[in-house]
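Asks: Sharing a structure below in structure tokens format, with a few things to ask.
The values are calculated or read from the model by the stated rules, or taken from the named source; none is laboratory data. Computed from a prediction, not measured in an experiment: that's the story for all the values here. Here Cβ is always computed from backbone atoms with ideal geometry, including for glycine, and neighbour counts include all displayed protein chains.
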Amino acid sequence: MPTVSTRRVVITGMGAISPLGVGAAALWQGLREGRSAIGPLRHVDAGRLRVKVAAQVPESFDPAAHIDERTLPLLDRTSEFALHAAREAVAQSGVDFAANGLGARTAVIVGTGVGGETTQDEQSRRLYGENAQRAHPLTIVRLMTNASASQISIAWGLRGPAYAVASACASANHAIIQAAQMIRYGMADAAVTGGTEACLTYGALRAWEAMRVLADDTCRPFSANRRGLVLGEGAAIFVLESLEHARSRGATILAELAGTGMSADASDIVMPSAEGAAAAMRQALDEAELNPADIDYINAHGTGTPANDVTETRAIRLAFGTHADRLAVSSTKSMHGHALGASGALELVAAIGALRDSVVPPTANLDVVDPACDLDYVPNVAREMPVRAVLSNSFAFGGLNAVLALKRAP
Amino acid sequence: MTATIQQQVFEIIAKQAKIEVATIRPESTLKDLGIASLEAIEMIFDIEEHFNINFPDQQGANFDTDTAQSLVDAVQKALADKTATDEGSK
């Protein structure tokens, strides 16, 4: 293979809005306390839905308090989340995109599973349910899948490559990987990237009900009594830079995004494959120049479905061999729910928190041992321990796998 | 009555599995009939639509190992529950 010069990629800012509250700090604090944000579904149609629980962004989140009144009408809920999280990330990074032409050298890559679902659902209801004659004129600009990426680009004058990445539940990790590769290979010096999702609409909830993968009580990853996933929503957005760029401006580095791995199972549209997931984990280790024994923590995909948790356990064993028994593995979906296209981004906040604070967040609601899930899942209580390097797994329907490898700030 | 429901359920199974109805025996598991998990979920949907019933959510996960007869039983139970509910609301 020809040698290509590559650059190291670091994370200098993060922002989040999640069921655990507004801000990356609120999310991380909740996770390390083992606090689950899963609760009764708040929805205008809750009475006739079979879905009973969800992990939702608190009602106290008021987009109007954070986003200017000229932009607000242009936004679906997904973009409200993304823009707000981006503002926090940019502020934390302290980066000035207007200085030295950085805006033209900055990419915006945002993952989302379905994009403007709330807008789609509202307009469908008007047209098909109420026989309205016209759709709202801003329907298209709100619902287009790239809306979040475009709104972030516009807000900060970011003129490099900008687009959405969609791979269902792995969207955020695929987006973050795409952004990191652009910096690594010199196509951009910085990137604003992450994932956003807000799809708890009547139509989407009915579709999930029909698939029979939702838990009716709570999310219990790796527990023998697990009954499926619990849907969530939210966004997390990050500022990535090349290491030299971050150093040249004296930025505080949160973590190094040291390696990435992507693979496709090319087998079943919904049933996961351990081999596909293991291949992505191995790639992430290789690119990061890490040995399995260098990893202390894996933030698992851990959806709480019967199929995922067993397969992911097998995949970790395939990729890590004997070191698998020394790993701390947890699923924070037990607390923030499954935010689909945003989930990898919310989980990156957890991975960074673990590296920085030397604390592994727990798997909540894990109370019955499953013989087929035989790793150390850090049940119910966070663990203080040295964390040198971390993997964060995302696997999607469609058999798509995307894994991030992180190291402590260099 | 029972035979009729069984016949209807078997026809839905046969359609999903793309096999002759006559090849389905009550003790055949969905796996025996070559029905994978996603097809099983689609079949449950077809049965729910056909009889206008709802199966309990968690039933979906077990159908891989369940038999054709257990589907018929589940339909009969759901129909009985529905009748009871309808009577109760009168």
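Asks: Does the range A:97-106 contain at least one residue that is closer than 30 Å to A:ARG35 by Cβ and at pLDDT 95 or above? Even if it seems obvious, please write down each step before you answer.
Replies: Of the range A:97-106, the ones closer than 30 Å to A:ARG35 by Cβ are none.
Within the range A:97-106, not a single residue is closer than 30 Å to A:ARG35 by Cβ and at pLDDT 95 or above.
Asks: Which pairs turn up if I take residues in the range B:29-45 that are within 11 Å of another protein chain (Cβ to nearest Cβ) and look for partners that are acidic (Asp, Glu) with beta carbon separation below 8 Å, at least 6 apart in sequence or on another chain?
Replies: Listed by first residue and then by second, the contacts come to B:ALA36/A:ASP268; B:SER37/B:ASP64; B:LEU38/A:ASP268; B:ALA40/B:ASP64.
A quick yes/no check of all residues on (1) crowded, with 24+ Cβ neighbours inside 10 Å; (2) among the acidic types (Asp, Glu); (3) under 30 Å from A:ALA207 (Cβ atoms):
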{"position": "A:LEU20", "(1), (2), (3)": "yes, no, yes"}
{"position": "A:GLY30", "(1), (2), (3)": "no, no, yes"}
{"position": "A:ARG35", "(1), (2), (3)": "no, no, yes"}
{"position": "A:PRO73", "(1), (2), (3)": "no, no, yes"}
{"position": "A:THR78", "(1), (2), (3)": "yes, no, yes"}
{"position": "A:VAL90", "(1), (2), (3)": "no, no, no"}
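Asks: Quick one: what pairs do we get from the range A:312-331, first residue in the same structural domain as A:LEU375 (by TED's automatic domain parsing), second buried (at least 21 other Cβ atoms within 10 Å of the Cβ) and polar (S, T, N, Q), C-beta under 6 Å, 6+ apart or different chains?
Replies: From the range A:312-331, the pairs are A:SER330/A:THR363; A:SER331/A:THR363.
Asks: Which of the residues belonging to the range A:116-137 are part of a loop (DSSP other than H, G, I, E, B), touching a helix residue (DSSP H, G or I) at 6+ places or on another chain (Cβ under 6 Å) and either over 16 Å from A:LEU83 (Cα atoms) or not assigned by TED's automatic domain parsing to the domain that holds A:ALA191 (or both)?
Replies: Correct list: A:ALA132, A:ALA135.
Asks: Of all residues in the range B:7-28, count the ones that are touching a residue at least 40 places away in the same chain (Cβ under 8 Å) and over 27 Å from A:MET211 (Cβ atoms).
Replies: Keep residues of the range B:7-28 that are touching a residue at least 40 places away in the same chain (Cβ under 8 Å), which gives B:8-10, B:13, B:24-28.
Still in the running and over 27 Å from A:MET211 (Cβ atoms): B:25-27.
Number of matching residues: 3.
Asks: Is the range A:348-371 home to any residue that is more than 22 Å from A:THR218 (Cβ to Cβ) and in a strand (DSSP E or B)?
Replies: Yes, the conditions are met somewhere in the range A:348-371.
Asks: Next question, about the same structure. Please determine, by comparing only the residues of the range A:151-189 that are among the aliphatic types (A, V, I, L, M) and under 26 Å from A:ARG70 (Cβ atoms), which one is surrounded by the fewest Cβ atoms within 10 Å (Cβ to Cβ). Write out each step before concluding.
Replies: Going residue by residue through the range A:151-189, those that are among the aliphatic types (A, V, I, L, M) are A:152, A:154-155, A:158, A:162, A:164-166, A:168, A:170, A:172, A:175-177, A:179-180, A:182-183, A:187-188.
Now narrow it down to the ones that are under 26 Å from A:ARG70 (Cβ atoms): A:152, A:154-155, A:158, A:162, A:164.
Details: A:ILE152: 28, A:ILE154: 14, A:ALA155: 18, A:LEU158: 25, A:ALA162: 19, A:ALA164: 22.
Checking each candidate, the answer is A:ILE154.
Asks: Another question, then. When you go through (1) on the phi > 0 side of the Ramachandran plot; (2) surrounded by 21 or more Cβ atoms within 10 Å (Cβ to Cβ); (3) in a loop (DSSP other than H, G, I, E, B) one by one for A:GLY113, which number turns out not to apply?
Replies: In the conditions (1) on the phi > 0 side of the Ramachandran plot; (2) surrounded by 21 or more Cβ atoms within 10 Å (Cβ to Cβ); (3) in a loop (DSSP other than H, G, I, E, B), A:GLY113 misses (1) alone.
Asks: Also, I was wondering about something else. Looking only at the range A:321-378, which residues are more than 22 Å from A:GLY111 (Cβ to Cβ), buried (at least 16 other Cβ atoms within 10 Å of the Cβ) and among the aliphatic types (A, V, I, L, M)?
Replies: Result: A:ALA324, A:LEU327, A:ALA328, A:VAL329, A:VAL359, A:VAL360, A:ALA364, A:LEU366, A:LEU375, A:VAL378.
Asks: If I filter the range A:300-320 for residues that are within 19 Å of A:ARG383 (Cβ to Cβ), at pLDDT 95 or above, within 19 Å of the chain's Cα centre (by Cα) and surrounded by 23 or more Cβ atoms within 10 Å (Cβ to Cβ), do I get at least one hit?
Replies: Yes: one or more hits.
Asks: Please specify each residue of the range A:51-107 satisfying the condition of being in contact with an Asp or Glu (Cβ under 7 Å, 6 or more places away or on another chain) and without any contact (Cβ under 8 Å) to a residue 40 or more places away in the chain.
Replies: A:PRO63, A:ILE67
Asks: For a quick check of your reading of the model, give me the residue pairs whose first member lies in the range A:11-32 and is more than 16 Å from A:GLY232 (Cβ to Cβ), whose second is among the aromatic types (Phe, Trp, Tyr) and at pLDDT 95 or above, with beta-carbon atoms closer than 9 Å and at least 6 apart or on different chains.
Replies: Sorted first by the residue in the range A:11-32, then by its partner, the pairs are A:ILE11/A:PHE238; A:THR12/A:PHE238; A:GLY13/A:PHE238; A:MET14/A:PHE238; A:GLY15/A:PHE238.
Asks: Right, next: In the range A:217-237, which residue that is among the hydrophobic types (A, V, I, L, M, F, W, C) and under 22 Å from the mean Cα position of the chain (by Cα) is surrounded by the fewest Cβ atoms within 10 Å (Cβ to Cβ)?
Replies: A:LEU229
Asks: All but one of (1) within 14 Å of another protein chain (Cβ to nearest Cβ); (2) closer than 27 Å to A:SER267 by Cβ hold for B:GLU49, so report the exception by its number.
Replies: (2)
Asks: Which residue, of A:ALA210, A:ALA224, is within 30 Å of A:VAL369 (Cα to Cα) and without any contact (Cβ under 8 Å) to a residue 12 or more places away in the chain?
Replies: Numbers: A:ALA224 fails: without any contact (Cβ under 8 Å) to a residue 12 or more places away in the chain.
None of the other options fit; the residue is A:ALA210.
Asks: OK, next. Would you mind finding the one in A:ALA172, A:ALA180, A:ALA155 that is in a helix (DSSP H, G or I), closer than 14 Å to A:GLU241 by Cα and small (Gly, Ala, Ser)?
Replies: Unique residue meeting the criteria: A:ALA180.
Asks: Just one of A:ALA288, A:ALA284, A:ALA255 is crowded, with 19+ Cβ neighbours inside 10 Å, of a type in the set (A, V, I, L, M, F, W, C) and in contact with a Ser or Thr (Cβ under 6 Å, 6 or more places away or on another chain); which is it?
Replies: A:ALA284
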